Amino acid sequence: QVQLVESGGGLVQPGGSLRLSCAASGSIFSINSMGWYRQAPGKQRDLVAAISSGGSTNYADSVKGRFTISRDNAKNTVYLHMNSLKPEDTAVYYCKVDYWVTGGYWGQGTQVTVSS
């Protein structure tokens, strides 16, 4: 079955940087879009950034200019480079991978905490 393994979360000071990774495995089908969502305590899960199979990207307004999403198709991996982190970026970050044939799958989530 499909597995998504996330890594790279942690504690960082305001203004710092982190890179999240999400590696997908277990499917014979090709991946369409890949993305990152986040959920803060008491809030809904919202899209942070997404990247299509063709490389087109989409970002939440709150992270534009600070976060960059990228993917390595050979490794079925999506990355989220986060710079100039703010306390309001604190959340659990989830990756989502959408396969052309079998639909979407979620990662287990990784905690990002921005605090001094």
Close pairs (8 angstrom Cβ cut-off, 6 or more residues apart or separate chains): touching a residue at least 60 places away in the same chain (Cβ under 8 Å) in segment 81-94, among the acidic types (Asp, Glu) and crowded, with 18+ Cβ neighbours inside 10 Å anywhere: Met82/Asp89; Tyr93/Glu6; Tyr94/Glu6
Sole exception among (1) at pLDDT 95 or above; (2) over 12 Å from the mean Cα position of the chain (by Cα); (3) open to solvent by less than 60 Å² (accessible area, probe 1.4 Å); (4) not small (Gly, Ala, Ser) for Val2, by number: (1)
Counted residues, segment 95-108 - those being touching a strand residue (DSSP E or B) at 6+ places or on another chain (Cβ under 7 Å) and polar (S, T, N, Q): 1
Number of the condition not met by Ile28 [criteria: (1) of a type outside the set (S, T, N, Q); (2) more than 14 Å from Val92 (Cα to Cα); (3) open to solvent by less than 20 Å² (accessible area, probe 1.4 Å)]: (3)
Matching strands (runs of 3 or more DSSP E) fully within segment 34-94 where at least 2 residues are exposed (fewer than 15 other Cβ atoms within 10 Å of the Cβ) and in contact with a strand residue (DSSP E or B) (Cβ under 7 Å, 6 or more places away or on another chain): 46-51, 57-59
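The values are calculated or read from the model by the stated rules, or taken from the named source; none is laboratory data. Please read these numbers as outputs of a predicted model, since none were measured by experiment. Cβ coordinates were reconstructed from backbone atoms using ideal geometry, including for glycine residues, and neighbour counts include every protein chain displayed. Side chains included, ligands, DNA and RNA excluded: accessible areas come from the protein's heavy atoms. Shrake-Rupley method; radii C 1.70, N 1.55, O 1.52, S 1.80 Å.
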